[in-house]
1. Return the residues of segment 492-502 that are in contact with a Pro (Cβ under 9 Å, 6 or more places away or on another chain) and either among the basic types (K, R) or over 13 Å from A514 (Cα atoms) (or both); say none if nothing qualifies.
2. Of all residues in segment 119-147, which are within 24 Å of S90 (Cβ to Cβ) and more than 25 Å from the chain's Cα centre (by Cα)?
3. Could you grab the pairs with beta carbons closer than 8 Å, sequence gap of 6+ or different chains, first residue in segment 218-233 and free of Cβ contacts under 8 Å to residues at least 12 places away in the same chain and outside the structural domain of L163 (by TED's automatic domain parsing), second one surrounded by 16 or more Cβ atoms within 10 Å (Cβ to Cβ) and charged (D, E, K, R)?
4. How many residues are surrounded by 15 or more Cβ atoms within 10 Å (Cβ to Cβ) and either under 32 Å from the mean Cα position of the chain (by Cα) or not assigned by TED's automatic domain parsing to the domain that holds L598 (or both) if we restrict to segment 654-678?
5. Filter segment 9-60 down to residues that are within 19 Å of V125 (Cα to Cα), of a type in the set (D, E, K, R) and not in a loop (DSSP other than H, G, I, E, B), then give me how many there are.
6. Looking only at segment 443-460, filter to residues that are surrounded by fewer than 22 Cβ atoms within 10 Å (Cβ to Cβ) and among the aliphatic types (A, V, I, L, M); which one of those is nearest to I626 (Cα to Cα)?
7. Would you pick out the residues in segment 366-378 that are assigned to a helix (DSSP H, G or I) and touching a residue at least 24 places away in the same chain (Cβ under 8 Å)?
8. Out of curiosity, is R354 within 19 Å of P446 (Cα to Cα) and among the charged types (D, E, K, R)?
Amino acid sequence: MTATCWTRTQDNDGIVWLLLDRPGSSANALSRVVLEELDAILRELALAVPRGLIIGSAKASGFIAGADIKEFTTLSSVDEARRLVRAGQSVFERLEALPCPTVAMIEGFALGGGLELALACRHRVALDDGRLTLGLPEVMLGIHPGFGGTVRSVRLLGAATALDLMLTGRSVRADKARQIGLVDAIARDPDGLKALACDFVMKPRAPHRPSLAQRALSWAPVRPFVKPRLLAQVRSKVRKEHYPAPYAVIELWSKYAAKAAKAYEAEADSIAQLFLTPTARNLVRVFLLQDALKAQGDSSLAAARRVHVIGAGVMGADIAALCATRGLEVTLQDRDAAIVTAAIQQQHAKMTERIKDPARRDAAIARLRADVDGTTVGEADVVIEAIVERAEVKRSVFAALEPRLKDDAILATNTSSIQLEALSSALQHPARLVGLHFFNPVALMPLVEIVRGTLTDETTMNRAINLARRIDKLPLPCRSSPGFLVNRILVPYMFEAMHAAQEGVPKEIIDRAAMDFGMPVGPVELSDMVGLDVCLHVGTIVSNALGKATPNLAPLEELIKAGKLGKKSGAGLYRWISDKPQRAAVRGATPADLQDRLLLILVNECVAALRETLVEREEWIDAGMIFGSGYPPFRGGPLQAARERGLDDCVRRLQELAARYGSRFTPDPGWERLRQPN
């Protein structure tokens with residue numbers, strides 16, 4: 001068989017070097033073709049056994065990122081899924097059975113199926129160049145390891161460590177991987193990595209074994225005591241009906257304890273069932289949406305190197321720190337030196353806490369500097385304005401700022417609600433103005449809305465998209481419109497919670513209805529987290545601009561006047577202690593139509609946004625709500641959830657709600673578009 005993915009060579013010591021370089025891809029993934037070719041090579045090596053086998057990557061990006069996710073979308077039955085998994089298992093069993101030392105030589109990353117391949121080798125060595133990431137993140141896709149990973153990880157690491165990796169999907173870095181035994185040795189440079197791999201072949205040694213305490217957890221008398229604790233931990237995070245995969249991992253371990261051939265067969269049966277669940281289908285869809293967002297931009301444009309941020313409040317300071325952490329030279333400006341100094345000191349303290357490597361930490365701190373007078377504006381490739389949310393103030397700043405900008409600099413505003421057309425009138429060159437709408441907290445929220453005004457040119461949009469990718473954010477291009485995309489859709493959802501509260505429904509029950517659906521927090525708690533002043537400001541702007549009625553806002557205004565702004569002030573709709581809302585113990589059933597009121601009014605606004613073409617693609621709306629608001633990924637997004645429920649049922653229910661609660665529930669005309677093929 002002629003290999004097109006694998007390069008096979010044999011050195012003078014009789015060691016076979018097998019390097020993966022999947023054609024047409026920047027990163028290696030385990031597709032059917034890759035596995036079939038590997039299987040053929042392993043069959044040949046079993047007949048003419050070399051002194052040792054070293055498996056690595058020929059790509060600079062890393063080892064293997066996992067299985068080819070796109071192939072999951074083609075599975076049409078449980079039997080087909082099981083055949084795919086069993087085929088992969090048999091390849092790794094063949095690798096494990098080779099009667100010579102086998103070494104996985106890992107650079108960059110080994111994730112999912114890539115790490116499972118490494119686990120089938122007798123040893124693993126890795127390069128610690130600051131990039132190394134190892135993990136079994138399959139639960140993020142609604143499945144679990146399927147190429148023997150649920151078995152080999154427990155055997156190698158012990159139950160506690162292996163289950164933690166599989167149940168959380170978290171990854172580990174170099175030092176941690178060495179500490180837990182996931183890798184046998186660490187090299188500091190590529191030549192050292194190759195030498196380590198050779199050493200493990202030339203001087204065979206016993207594979208790593210977990211400690212006795214770790215092994216004891218898998219003993220038959222112990223497992224029944226451990227399982228309830230594991231289930232309790234998982235239940236505190238996710239519900240089985242929403243995310244079945246972690247529960248399946250616990251069941252596999254508790255029944256088979258990673259022993260015997262039955263453990264592999266059970267793993268295949270389990271993952272085959274999971275592949276066909278709505279959760280897995282939707283999470284795979286979300287993964288591919290994320291990849292599509294990442295693929296945007298124009299790599300031919302010069303990369304930004306210097307960023308100047310105007311506004312040292314919470315958002316401006318966080319944006320500046322993020323840019324500095326990601327390698328950009330950043331200056332921060334505000335009207336008062338004390339404000340800038342305090343903001344930078346606070347951000348430096350956060351960097352010290354978050355960045356463990358001293359060299360990286362010191363470099364990031366050095367890249368964030370104060371510039372109260374804006375003397376470096378003329379050097380910046382991107383200037384980001386993050387000041388008070390008042391159009392006249394922003395226009396004044398822009399008018400004074402524009403003559404000092406480089407000819408090719410772009411001017412970005414972090415406004416969360418003001419349309420760009422209301423700001424560009426102050427500019428001689430409005431084509432360079434773009435919205436970069438970050439979400440709070442900046443460090444954690446993955447989405448950035450890239451807002452195009454009517455005069456914003458394509459180069460400006462692409463440079464803004466490139467900047468978002470440079471700082472590891474997901475760029476969502478959208479048209480300038482009241483509230484843009486995410487806030488526009490959230491306003492009726494959060495206002496509907498206010499309607500329900502004013503009807504006498506306890507806020508705890510309102511939040512419970514949303515969280516039962518899968519929302520990470522309810523709309524009342526979310527309002528407190530955003531800030532009641534911000535909610536009132538943005539909600540009023542969006543509602544007035546779109547001609548929509550609002551609930552009675554007087555109670556909200558009274559809270560704001562009293563300084564009760566939500567989480568940031570310690571009190572709002574809830575009282576907050578240690579960053580936690582204090583909920584009353586409220587009993588009683590959730591009103592039968594409450595969940596529909598909250599979620600269908602949100603979907604109806606998504607349909608309106610689609611009809612008005614705020615974004616170019618329907619799936620961008622789902623992506624925006626998942627990555628910008630925390631809409632439950634296992635639902636696939638609001639529009640995907642509506643399709644799964646049934647469009648006709650959604651429209652019928654909206655009509656019923658409109659008859660009972662008012663015209664705000666009237667189905668948008670855009671529902672007809674959704675009935676067309678997606």
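1. Start the filter on segment 492-502 by keeping residues that are in contact with a Pro (Cβ under 9 Å, 6 or more places away or on another chain), which leaves 493-502.
The answer is F495, M498, H499, A501, Q502.
2. L119, A120, C121, R122, H123, R124
3. Short answer, once both residue conditions are applied: none.
4. Pass one, segment 654-678, residues surrounded by 15 or more Cβ atoms within 10 Å (Cβ to Cβ): 654, 657-658, 661, 664-665, 667-668, 670-671, 674.
Imposing the further condition that a residue be either under 32 Å from the mean Cα position of the chain (by Cα) or not assigned by TED's automatic domain parsing to the domain that holds L598 (or both) reduces the set to 654, 665, 667-668, 670-671, 674.
Number satisfying all stated conditions: 7.
5. 0
6. M445
7. Step one: list which residues in segment 366-378 are assigned to a helix (DSSP H, G or I), which gives 366-367, 377-378.
Within segment 366-378, R367, V377, G378 meet the criteria.
8. Details: within 19 Å of P446 (Cα to Cα): yes; among the charged types (D, E, K, R): yes.
Criteria met by R354.
The values are calculated or read from the model by the stated rules, or taken from the named source; none is laboratory data. Keep in mind that what you see is a predicted model, and the values were worked out from it rather than measured. Cβ: placed from backbone, ideal geometry, glycine included. Neighbour counts: every protein chain shown.
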